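Peer 1: Sharing a structure below in structure tokens format, with a few things to ask.
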Amino acid sequence: MKLLMIYADSFAYKTSLKGLESASETSEKNIIENALVGFIHVEEKDEANLSKIETKLIKNLKWAARKNNTERIVLHSFTHLSESKASPENTKQLLNNSEQRVEKADYEVWQTPFGYFLDLDIKAPGNPLARLFKDI
């Protein structure tokens, strides 16, 4: 898994193009302030142990959220960090499981529309912990 985390003063998105034929039809837009945004790329090799990968993902997201003094996390499927890709079904399941576990840890959590290209607007401060990358 590749994980790019950006702390955003403001993260706005709007559905643009459907990129996955099996994705549910939706038209959505949202603005979330003071949140850690996880750009999550699940790789094919991760499918052998999704539970372990999910736990590492959550630990990294919670750590980075604490370092940026926020209890708000956005999960965003972003399949542009590696050439290897897990199946859409396994990726979506990992995102759903992660969302539930992060909520149980008393964080506010959002998940961007799965299977869509989004128009993004990110306002991020220029500090060292506002942009982090992990190869899990």
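Peer 1: Can you list the strands (runs of 3 or more DSSP E) found entirely within the stretch 85-136 that contain at least 2 residues being of a type in the set (Phe, Trp, Tyr), touching a residue at least 24 places away in the same chain (Cβ under 8 Å) and under 15 Å from Leu75 (Cα atoms)?
Peer 2: Because the criterion is at least 2 residues that are of a type in the set (Phe, Trp, Tyr), touching a residue at least 24 places away in the same chain (Cβ under 8 Å) and under 15 Å from Leu75 (Cα atoms), the strands (runs of 3 or more DSSP E) in the stretch 85-136 that meet it are 116-123.
Peer 1: Look through Phe78, Phe114 and report the one residue that is touching a His at 6+ places or on another chain (Cβ under 7 Å) and not small (Gly, Ala, Ser).
Peer 2: Criteria check complete, one pass: Phe78.
Peer 1: Taking the condition surrounded by 20 or more Cβ atoms within 10 Å (Cβ to Cβ), hydroxyl-bearing (Ser, Thr, Tyr) and not in a loop (DSSP other than H, G, I, E, B), does Ser16 pass?
Peer 2: Taking the combined requirement at face value, the residue does not satisfy it.
Peer 1: Looking at the structure I just gave you, is Lys59 surrounded by 15 or more Cβ atoms within 10 Å (Cβ to Cβ) and not in a loop (DSSP other than H, G, I, E, B)?
Peer 2: no
Peer 1: If you don't mind, another one. Say whether the condition of being assigned to a helix (DSSP H, G or I) and modelled with pLDDT of 95 or more is met by at least one residue in the stretch 26-34.
Peer 2: No.
Peer 1: List the residue pairs whose Cβ atoms are under 7 Å apart, where the first residue sits in the stretch 1-27 and is over 15 Å from Ile40 (Cβ atoms) and free of Cβ contacts under 8 Å to residues at least 60 places away in the same chain, the second is assigned to a strand (DSSP E or B) and hydroxyl-bearing (Ser, Thr, Tyr), and the two are 6 or more positions apart or on different chains.
Peer 2: That search, which allows pairs on different chains as well, returns Ser27/Thr15.
The values are calculated or read from the model by the stated rules, or taken from the named source; none is laboratory data. Quick caveat: nothing in here was measured; it's all calculated off a predicted structure. So basically every Cβ, Gly included, is an ideal-geometry build from the backbone, and we count neighbours across all protein chains shown.
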